[in-house]
1. Quickly run through segment B:40-64 and pick out the residues that are farther than 18 Å from A:LEU44 by Cβ and not polar (S, T, N, Q).
2. Against the definition (farther than 21 Å from A:ARG13 by Cβ and loosely packed, with under 14 Cβ neighbours inside 10 Å), how does B:ASP98 come out, yes or no?
3. Before we move on, is A:LEU41 touching a residue at least 24 places away in the same chain (Cβ under 8 Å), crowded, with 16+ Cβ neighbours inside 10 Å and either closer than 30 Å to A:THR125 by Cβ or small (Gly, Ala, Ser) (or both)?
4. Being basic (Lys, Arg) and not in a helix (DSSP H, G or I) narrows it down to one of B:LYS37, B:LYS54, B:LYS62, so name that one.
5. If the requirement is being surrounded by 12 or more Cβ atoms within 10 Å (Cβ to Cβ), under 30 Å from B:LEU51 (Cα atoms), within 10 Å of chain B (Cβ to nearest Cβ) and without any contact (Cβ under 8 Å) to a residue 24 or more places away in the chain, which of these qualifies: A:GLU99, A:GLU124?
6. If B:ALA126 meets every condition in (1) part of a helix (DSSP H, G or I); (2) at pLDDT below 95; (3) closer than 30 Å to A:SER94 by Cα; (4) more than 10 Å from every other protein chain (Cβ to nearest Cβ) apart from one, which number is that one?
7. Return the residues of segment A:102-121 that are facing chain B (nearest Cβ under 10 Å) and among the hydroxyl-bearing types (Ser, Thr, Tyr); say none if nothing qualifies.
8. Looking at segment B:39-54, I want the residues that are more than 9 Å from every other protein chain (Cβ to nearest Cβ) and have a partner that is of a type in the set (Phe, Trp, Tyr) and in a helix (DSSP H, G or I) with Cβ atoms under 6 Å, at least 6 apart or on another chain. Which pairs are those?
Amino acid sequence: MNSTSSFTIEAQRKLFIKKDLIALSHWIDELEALDNELNSLKHLEQKVLKNAILSQNITTFRRKNTLAMGLLCQYEQVLRTEFEYGKAIYDVKSAKLHEKKQNEYLCIKKSFMLLKDLVYKLLETCKRN
Amino acid sequence: MKNIYNQVYSHDTEVDLTHKINTSELNNWITHLQYTKKELNHLVAISNGILEGKFVDSFEEKHNENYDFLNLLTSYKNSRDSITECEDTECDMAFISDHENFRQGYTYYLENYRKIKDSFFEELRAAITSKK
């Protein structure tokens, strides 16, 4: 009876970590895609908009994004190790850490939305000659 | 979803925590789709101004898909209110499994949207470069 129950606890623990890993993998993919999108925005800024402040904002944002991706990759390693070898129960501490990482990811996404809005507004004023 | 169900408490079980994380994630998907709606309007305006309306049909199609998916997620969000009534693991697992299915749908939607945007930006770059 005891071994069945400890099996269930272990299976559940792994399930919840796996679920966090799936979400995390989606965030990392999103930030990578965002980096590609940034290349297009950078190109448009250089060729059409030629706006020094925007150029600086794009560079600053790219740095922030690269750093955020690195931190998420580190967190992914922590979760993978926990999934493979860990014994710690999945508790409020684990959920809070995941929530904190989610907020960091969302903060980057929000900044990117603001940056994109700025580029779009400037592009909307351009007309094909 | 009620606010009380978004707060994390020290007495929460693993399952409670997972449901709360999923709820928060679902809210983020909805926020992102709401932003996408706004972004599509910008892309249509840029396309009309620079690319003579090329891509507008694709963006409008995406706009409709966005509307449908947003409705679907909103209805799923409302259905999650009944999680608090789950009395066994099977019920909890059904919600967790549903969430993963919605995640796949969301990811699929984003991938397609991204492909259209990539083509659009490529075309925009080409149009601008040829103008110079």
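The values are calculated or read from the model by the stated rules, or taken from the named source; none is laboratory data. Note that the structure is predicted; figures quoted are calculated from it, not measured. So basically every Cβ, Gly included, is an ideal-geometry build from the backbone, and we count neighbours across all protein chains shown.
1. Within segment B:40-64, B:GLY53, B:VAL56, B:ASP57, B:GLU60, B:GLU61, B:LYS62, B:HIS63 meet the criteria.
2. Numbers: farther than 21 Å from A:ARG13 by Cβ: yes; loosely packed, with under 14 Cβ neighbours inside 10 Å: no.
Criteria not met by B:ASP98.
3. Values: touching a residue at least 24 places away in the same chain (Cβ under 8 Å): yes; crowded, with 16+ Cβ neighbours inside 10 Å: yes; either closer than 30 Å to A:THR125 by Cβ or small (Gly, Ala, Ser) (or both): yes.
Spelling it out, A:LEU41 is indeed touching a residue at least 24 places away in the same chain (Cβ under 8 Å), crowded, with 16+ Cβ neighbours inside 10 Å and either closer than 30 Å to A:THR125 by Cβ or small (Gly, Ala, Ser) (or both).
4. On the way: B:LYS37 fails: not in a helix (DSSP H, G or I); B:LYS62 fails: not in a helix (DSSP H, G or I).
From the options B:LYS37, B:LYS54, B:LYS62, the qualifying one is B:LYS54.
5. Details: A:GLU99 fails: under 30 Å from B:LEU51 (Cα atoms).
It is A:GLU124.
6. (3)
7. A:TYR105, A:TYR120
8. Hits for this filter: B:LEU40/B:PHE59; B:VAL44/B:PHE59.
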